[in-house]
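Readers should treat all values here as calculations from the given coordinates under stated rules, not as data from a laboratory. Please read all numbers here as calculations on a predicted model, not as lab measurements. Here the Cβ positions follow ideal geometry from the backbone for every residue, glycine too, while neighbour counts run over all protein chains shown.
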Amino acid sequence: MWLGVLAGLVLLALLCAGSASAETGGASGAGGVEEAPLEEAPAITNTPFDRQGMWIWYVSHSEGGSVPAIVARAKRAGIGTVYVKSGDGSTVWNQFNKTLVRRLHKAGIDVCAWQFVYGDHPAAEANVGATAVHRGADCLAIDAEADYEGRYAAADLYIRRLRAQIGAAFPLSVAGFPYVDYHPSYPYSVFFGPGGAQFNQPQMYWKTIGVSVATIFAHTYLYNRIWRHPIYPIGQTYESPGNGQLRLFRRYAASYGDGPPSWWDWQETSEKEWAALGARAASQPLTGFRIDPEQPLLKSGDRGDMVVWAQEHLISAGAELEVNGIFGKLTRAAVRAFQEGHGLEVDGRIGTDTWEALLRYTPLRVHWSATSTGADGTNARASKAGRVPMAHKPLSASLPAKGYEIPPDGGAGSPLSGAP
């Protein structure tokens, strides 16, 4: 989880040329894993994500490690789910154990495990996640950040191995970057694709990023809608954002409607902030608020994982196309054919109306492998039979981040670095 030490928005001086556009598409008016293919899990309701949550980095630094004190604090603040760190990379953290889970369950509190992952040893990371599930976790959150950018094969291996051990229906989330458009090489399409996570927990730390609560919600939800998974925002209590801002964040979460927020993190939450989290009035939606239904706009020249996602859907809809993350002539032609076949305005761009029609299709699941059967190992082409050969990564996986909402290295002591 990010613990940014710099406030304000941090952008790279040079943006990646041809990366996915930050425009919106307004409505037009009218490898190597031999497990058996995984079936898509059914929709899940009434999960631990549906209760306000608090993240715990170190149990020993949260109420001094006293479970009765953790329970009492959680109940006063309306916290129904605690997220406890259970692993870092390929290392299991034993603070997440059956005894802790049993004691919190006895008090009526759901317990989710969270693990920070790097992508260096994805199979071992999958084992770490499965260990937490076997110790009684009610759900598992994957904290994958900058280290996983460009690592499609690692993400695919991790997800396949993890699902093979915990099952297709176990509640799984990804707690990643909030600004999808800043990270063209991040494998969202793998983490949120078929067989992946069912829940989306973007880390929406508005004060550290340097924007308003309204802005963080508008930007995050615009680009995260295309994954078609419920969004459960993670807000910040660190850096003393202010009680009024905490209450406002809760009201925006209620207004957007997917689910309540959780908070980073327990050991940095002040007494006044705990009171703000427990204020009942802050759970009410904003008066007169309306959600903007826009989807991000993709067009010729755009590059990145959003294009990968669109190509996987176009293939499911019947297109013969490479999954390469590049919106070139062939992708534009496939979009035009799709639009013509679905009674949409034929402009070769993927805006709100086209996204809505395209997202009704289940995306093709590419098997990104550490070794490729393709000629160049960088892309995969769909055959007429709908099969996609193993490939290492899309061409867009080499793109640098356009910017980091929060610096990717939070420094010593940050969960991002895995340092104790």
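Tell me, in nm to one decimal, what length is gained between residue 287 and residue 356 on full extension, where the rule is 0.36 nm per residue of separation less the Cα-Cα distance?
Numbers: separation 69, 0.36 × 69 = 24.84 nm, distance 2.74 nm.
The span from residue 287 to residue 356 would gain 22.1 nm if fully extended.
For a protection proxy built on the mean count of beta-carbon atoms within 10 angstrom, sort 303-310, 75-82, 249-256 highest first, please.
Numbers: 303-310: 28.2, 75-82: 19.1, 249-256: 21.4.
Listed from highest to lowest mean packing, they are 303-310, 249-256, 75-82.
What's the ranking of 125-132, 287-294, 188-195 by average number of surrounding C-beta atoms within 10 Å, highest first?
Numbers: 125-132: 22.9, 287-294: 10.5, 188-195: 24.8.
Sorting 125-132, 287-294, 188-195 by mean packing, highest first, produces 188-195, 125-132, 287-294.
Report the label-to-label distance for residue 346 and residue 275 in nanometres (one decimal), using points 7 Å from each Cα along the Cα→Cβ vector.
Distance between label points: 6.5 nm.
Nearest-5 percent of antiparallel DSSP beta bridges in the range 49-292?
On the way: 2 of 31 bridges.
Antiparallel bridges make up about 5 percent of those DSSP assigns within the range 49-292.
Sort 270-282, 135-147, 158-170 for me by packing, meaning the mean count of neighbouring Cβ atoms within 10 Å per residue, highest on top. Can you show the working numbers first?
Numbers: 270-282: 15.2, 135-147: 22.9, 158-170: 20.4.
Per-residue Cβ counts within 10 Å, averaged per peptide and sorted highest first, yield 135-147, 158-170, 270-282.
What FRET efficiency, computed as 1/(1 + (r/R0)^6) with R0 = 41 Å and r the Cβ-Cβ distance, is obtained for residue 228 and residue 75, rounded to the nearest 0.05?
Numbers: r = 34 Å, r/R0 = 0.83.
Once rounded, the FRET efficiency stands at 0.75.
Just check the range 49-292 against the gyration tensor rule for me: Cα atoms, a ≥ b ≥ c as the square roots of the eigenvalues, rounded for a/c under 1.5, and otherwise prolate or oblate depending on whether a/b exceeds b/c. Can you show the working numbers first?
On the way: a/c = 1.79, a/b = 1.12, b/c = 1.59.
Cα axes put the range 49-292 in the oblate bin.
At 0.36 nm per residue, minus the direct Cα-Cα distance, what do residue 267 and residue 61 gain on full extension? Give it in nm, one decimal, please. All intermediate terms of the calculation are to be shown ahead of the outcome.
Working: separation 206, 0.36 × 206 = 74.16 nm, distance 0.58 nm.
Here the answer is 73.6 nm.
Checking the a/c ratio against 1.5 first, then a/b against b/c, what shape does the Cα gyration tensor give for the range 270-321?
Numbers: a/c = 3.71, a/b = 2.81, b/c = 1.32.
Prolate, because a/c is 1.5 or more and a/b exceeds b/c.
With label points built 7 Å along Cα→Cβ from the Cα atoms of residue 215 and residue 123, find their separation and express it in nm.
Here the answer is 4.6 nm between the modelled labels.
If Lys and Arg each add +1 and Asp and Glu each add -1, what is the summed charge of the other residues whose beta carbon sits under 10 Å from the beta carbon of residue 187?
Details: positive: 151, 393; negative: 149, 156, 305.
Spelling it out: positives minus negatives among the neighbours equals -1.
In whole Hz and in residue order, list the ³J(HN,Hα) couplings for the range 64-79 that follow from phi through the Karplus curve 6.51 cos²θ - 1.76 cosθ + 1.60, θ = phi - 60°; x for Gly and Pro.
Residue by residue, the range 64-79 yields x, x, 7, 5, x, 5, 4, 4, 4, 5, 4, 5, 5, 9, x, 8 Hz.
Could you go through the range 89-105 in sequence order and give the Karplus-derived ³J(HN,Hα) for each residue, using 6.51 cos²θ - 1.76 cosθ + 1.60 with θ = phi - 60°, rounded to whole Hz, and x for Gly and Pro?
x, 8, 9, 7, 9, 6, 5, 8, 9, 4, 5, 4, 4, 4, 5, 6, 4
For residue 320 and residue 102 in the same chain, what is the full-extension length gain: residue separation times 0.36 nm, less their Cα-Cα distance, in nm?
Result for the pair: 73.3 nm of gain on full extension.
Using alpha carbons only, how many angstrom separate the centre of the range 170-227 from the centre of the range 237-268?
Comparing the Cα centres of the range 170-227 and the range 237-268, I get a distance of 16 Å.
Considering only the other residues whose Cβ falls under 15 Å of the Cβ of residue 101, what net charge follows from Lys and Arg at +1 and Asp and Glu at -1? List each step's numbers first, then the result.
Numbers: positive: 85, 98, 102, 103, 106, 135; negative: 110, 138.
Net local charge, residue 101 excluded: +4.
Tally Lys/Arg at +1 and Asp/Glu at -1 over every other residue whose Cβ is under 11 Å from the Cβ of residue 48; what's the total?
Working: positive: 51; negative: 50, 110, 138.
Spelling it out: positives minus negatives among the neighbours equals -2.
Pairs to check: 207/402; 329/402; 207/329; 85/299; 98/393; 106/272. Give those whose C-alpha atoms are more than 32 Å from each other in this structure.
Details: 207/402 20 Å; 329/402 24 Å; 207/329 41 Å; 85/299 40 Å; 98/393 38 Å; 106/272 27 Å.
Checking Cα-Cα distances, 207/329; 85/299; 98/393 exceed 32 Å.
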